[in-house]
């Protein structure tokens, strides 16, 4: 009887040692947390409860701008060597971080706290070129400096404050701006402020609306920006001679932007040649050219034709089709009374190879030079607004009754960003 009792006790002990832990382990639950790391996930997909040794189901896919980012997968604690996939077994609580590849060029935005210190060890971020800072950051970095509080992050000029909506097109270093902490008489920051009073009535193009209040104990005045500066409300650009200008409709401030003279590029023109105009009384003239768009024409009169029908056509063919905003033509020798000249444009061929040519555009008596009182000359420039991709410029020039030596210069201008059009 004692022998049977002993055997039963042994069986019970083995059951306790082997079976009970197994049952207990079956009830263990672990939490898997998903961090989209700049992307977005539905709230229901942010966490997952799993039992130990269970296989992970199909993992959620975060959303993000697919033109900029490519989703690489989920990685434990963001370690690129620890990718976690569907079917992997659960061993404990896990934080899975989404990793992304940026498919477009990036710029570096560095945060310089000056004498302060950043709370994070990372001092810079890579931002997709031409995108907002919010593409890579949920909030601006925090920093600290004894006796001061961080007022904000600014461009190196110290006047332009940036935020998460700021767009960056080039590498940039941002600097911290600090406000000194002014203590009250009791040695604390607890000032006894009076009511707020407006210091400026409204925000202007360049200045914000400011209010302030004063501590009744120590006289310290604290200012607060109620409304940021509105920025200039510029109208449409108006083209001038190799520059364009627009004016703010609020404060009348004007801003100009120089055109890039692409004509100066070496090898810009494929050829420059003369073509006799229809009904011309001129024999085919001679032409000499320079790389930068300067040309000289000399022609002699043929007999028996009316001077009114005399003209010479100068064709300037570009090596490649080019976006052009304005065409400016200057003559430094020819100034017939009442003369006119015209310009024609040949546009870039379309997808089917069709070429379109503009109608001639007329300019009245604006070609040549005028003598100044001191005997020097000022040369006239005629401007044509284009804003198109062109392949050829044709200049139709009337000639005088006698042989003329015509020297001119053509300049094709575009704004710096036009080469992307």
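Structural remarks
- Any chance residue 382 is in the same structural domain as residue 268 (by TED's automatic domain parsing), at pLDDT below 60 and either buried (at least 16 other Cβ atoms within 10 Å of the Cβ) or outside any strand (DSSP E or B) (or both): no
- Selection within the stretch 24-43 - modelled with pLDDT under 90, surrounded by 15 or more Cβ atoms within 10 Å (Cβ to Cβ) and in contact with a strand residue (DSSP E or B) (Cβ under 6 Å, 6 or more places away or on another chain): 37, 39
- Looking at 77, 53, 88, just one residue is touching a residue at least 24 places away in the same chain (Cβ under 8 Å) and at positive phi, and that residue is 53.
- Candidates in the stretch 133-155 are the residues that are more than 14 Å from residue 115 (Cα to Cα) and out of contact with any strand residue (DSSP E or B) (no Cβ under 8 Å at 6 or more places or on another chain); of these, the one that is surrounded by the most Cβ atoms within 10 Å (Cβ to Cβ) is 134.
- Remark: pairs (first residue in the stretch 250-279, assigned by TED's automatic domain parsing to the domain that holds residue 342 and at positive phi; second residue in a strand (DSSP E or B) and at pLDDT below 80; Cβ separation under 9 Å; 6+ apart in sequence or on different chains) = 279/311.
- Any hit, the stretch 206-218, residues being within 19 Å of residue 160 (Cα to Cα), at pLDDT 90 or above and in a strand (DSSP E or B): yes
- The one condition from (1) within 25 Å of the chain's Cα centre (by Cα); (2) surrounded by 11 or more Cβ atoms within 10 Å (Cβ to Cβ); (3) part of a strand (DSSP E or B) that residue 99 does not meet is (1).
- Selection status of residue 326, in a strand (DSSP E or B), at pLDDT 85 or above and either over 22 Å from residue 268 (Cα atoms) or within 43 Å of the chain's Cα centre (by Cα) (or both): no
The values are calculated or read from the model by the stated rules, or taken from the named source; none is laboratory data. Since the model is a prediction, treat every value here as computed from it, not as a measurement. Quick reminder, even Gly has a Cβ in these numbers, built from the backbone with ideal geometry, and neighbours come from all protein chains shown.
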